């Protein structure tokens, strides 16, 4: 079998020591740090040592039973994330547990940072939450993505596109982060993955930003690529060995769908243009991961205060009782679909057919 070599030749991003120290210390601009100059120098020394020796995952332990290579040293962060996902999957599969819903408020706007005002997405999510939380035997979690912009130490780092090199190189959950040597820490996705896994129904509410979804939502979407065909065993590729991953894919990769079967609803609201295309792209993305649409009423694209001033957009939402009721209906449709699926009454035609084309 011919295994293609990894193509290389992009510019080397490695920093020299002087530039690394300049960037590292740049975060300590507050005058409160000035008396701590010697301490900061020692910390910068340690950070440079970690960076120059590429210590991405300084804390590891043996993978143990159940992995292709039990003696491989896995990052303890990844093991903890995998354990959380496994627990979430157990909760998802428990027939005696509540129907679980994940509501994603995708706007980056909140009153706790520069905009000084909550988002309309948050208000619409609260409407859906009230419907679902008041239903019998339900559990509702709200994922407020504006925390990325408003909360200290809250990040979703960008996808590094391992999947595009070889499917088996993309690990489930993502093993690219945290990368301590590069300062790529506080990654939120290890908390977000279990929320998606535990859910029976997911509703995404987003505004339109420049004809697209919001920045926080796109970051989360890209990092969920590992849920759609990702490799659950990093030891099988000895970490990030591209030649091993390419060989595994070319031998025949099964593209496991880690979120398949969950029901979804999408609510997109805009001010002037783009709502329909954003709603369609979100729905297509969720379908591509084998999530199941909850029905026509659960997929909405609307304009709130069409071509009206942004300053009065919340007043426009106050007056738009129709969109408020449509969001309630979307939540009710999602609830109905989840309950039907959990009792075996929801029929999704073609769900057992084998895909003739993978990725």
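Name the residues in region 1-24 that are surrounded by 10 or more Cβ atoms within 10 Å (Cβ to Cβ), more than 30 Å from the chain's Cα centre (by Cα) and in contact (Cβ under 8 Å) with a residue 12 or more places away in the chain, would you?
3, 4, 17, 21
Just to be sure I understand, how many residues within region 71-85 are touching a helix residue (DSSP H, G or I) at 6+ places or on another chain (Cβ under 7 Å) and assigned to a strand (DSSP E or B)?
Residues meeting the conditions: 1.
May I ask you to list pairs of residues, at least six apart or on different chains, whose Cβ atoms are under 7 Å apart, with the first in region 231-257 being on the phi > 0 side of the Ramachandran plot and in contact (Cβ under 8 Å) with a residue 12 or more places away in the chain and the second being part of a loop (DSSP other than H, G, I, E, B) and surrounded by 17 or more Cβ atoms within 10 Å (Cβ to Cβ)?
Here the result reads 238/72; 255/229, each pair linking region 231-257 to a residue that is part of a loop (DSSP other than H, G, I, E, B) and surrounded by 17 or more Cβ atoms within 10 Å (Cβ to Cβ).
With respect to residue 54, determine if the residue is modelled with pLDDT of 95 or more, in contact with a helix residue (DSSP H, G or I) (Cβ under 9 Å, 6 or more places away or on another chain), more than 25 Å from residue 227 (Cα to Cα) and in a loop (DSSP other than H, G, I, E, B). Give the steps one after another, and end with the answer.
Details: modelled with pLDDT of 95 or more: yes; in contact with a helix residue (DSSP H, G or I) (Cβ under 9 Å, 6 or more places away or on another chain): yes; more than 25 Å from residue 227 (Cα to Cα): yes; in a loop (DSSP other than H, G, I, E, B): yes.
Here the answer is yes, as residue 54 does meet what is asked.
Working only within region 304-344, note down all residues that are closer than 19 Å to residue 126 by Cα, in contact with a helix residue (DSSP H, G or I) (Cβ under 6 Å, 6 or more places away or on another chain) and either free of Cβ contacts under 8 Å to residues at least 12 places away in the same chain or not in a helix (DSSP H, G or I) (or both).
Result: 304, single match.
If you scan region 198-225, which residues turn out to be touching a strand residue (DSSP E or B) at 6+ places or on another chain (Cβ under 6 Å), assigned to a helix (DSSP H, G or I) and closer than 23 Å to residue 80 by Cβ?
Within region 198-225, just 198 meets the criteria.
Cβ-Cβ distance below 7 Å, separation of 6 or more or different chains: which pairs start in region 72-83 with a residue that is in contact (Cβ under 8 Å) with a residue 24 or more places away in the chain and end on one that is in a strand (DSSP E or B)?
74/60; 74/61; 75/60
Please tell me if residue 104 is at pLDDT 95 or above and within 30 Å of residue 266 (Cα to Cα). Quick ask: steps written out before the conclusion?
Numbers: at pLDDT 95 or above: yes; within 30 Å of residue 266 (Cα to Cα): yes.
When the stated conditions are applied, residue 104 passes them.
What number of residues within region 288-300 are in a helix (DSSP H, G or I) and more than 16 Å from the chain's Cα centre (by Cα)? Spell out how you get there, then give the answer.
Restricting attention to region 288-300, the residues satisfying the condition of being in a helix (DSSP H, G or I) are 288, 296-298.
Filter again for more than 16 Å from the chain's Cα centre (by Cα), leaving 296-298.
Adding up the residues that qualify gives 3.
Mind checking which helices (runs of 4 or more DSSP H) fall wholly inside region 92-197 and carry at least 1 residues that are touching a helix residue (DSSP H, G or I) at 6+ places or on another chain (Cβ under 6 Å) and more than 25 Å from residue 80 (Cα to Cα)? Write out each step before concluding.
Details: elements: 120-133, 147-150, 162-165.
Ranges flagged: 120-133, 162-165.
Select from region 177-187 the residues that are under 25 Å from residue 17 (Cβ atoms) and under 15 Å from the mean Cα position of the chain (by Cα) and list them in ascending order.
As a first pass, look at region 177-187 and keep what is under 25 Å from residue 17 (Cβ atoms): 177-186.
Once the filter is applied, which keeps residues that are under 25 Å from residue 17 (Cβ atoms) and under 15 Å from the mean Cα position of the chain (by Cα), region 177-187 yields 177, 178, 186.
I want to confirm something. Restricting to region 158-170 and keeping residues that are touching a residue at least 60 places away in the same chain (Cβ under 8 Å) and within 14 Å of the chain's Cα centre (by Cα), which single residue is nearest to residue 239 (Cα to Cα)? Before the answer, list the steps.
Start the filter on region 158-170 by keeping residues that are touching a residue at least 60 places away in the same chain (Cβ under 8 Å), which leaves 158-159, 162-163, 165-170.
After this cut, where a residue has to be within 14 Å of the chain's Cα centre (by Cα) as well, the list is 158-159.
Values: 158: 19, 159: 16 Å.
Among those that are touching a residue at least 60 places away in the same chain (Cβ under 8 Å) and within 14 Å of the chain's Cα centre (by Cα), it is 159.
Considering only residues that are assigned to a loop (DSSP other than H, G, I, E, B) and touching a strand residue (DSSP E or B) at 6+ places or on another chain (Cβ under 7 Å), which ones fall in region 230-251?
Result: 230, single match.
Is it true that residue 61 is under 29 Å from residue 248 (Cβ atoms) and in a strand (DSSP E or B)?
Working: under 29 Å from residue 248 (Cβ atoms): yes; in a strand (DSSP E or B): yes.
Yes, satisfied.
The values are calculated or read from the model by the stated rules, or taken from the named source; none is laboratory data. Note that the structure is a prediction, hence the values are computed from the model and not measured. Quick reminder, even Gly has a Cβ in these numbers, built from the backbone with ideal geometry, and neighbours come from all protein chains shown.
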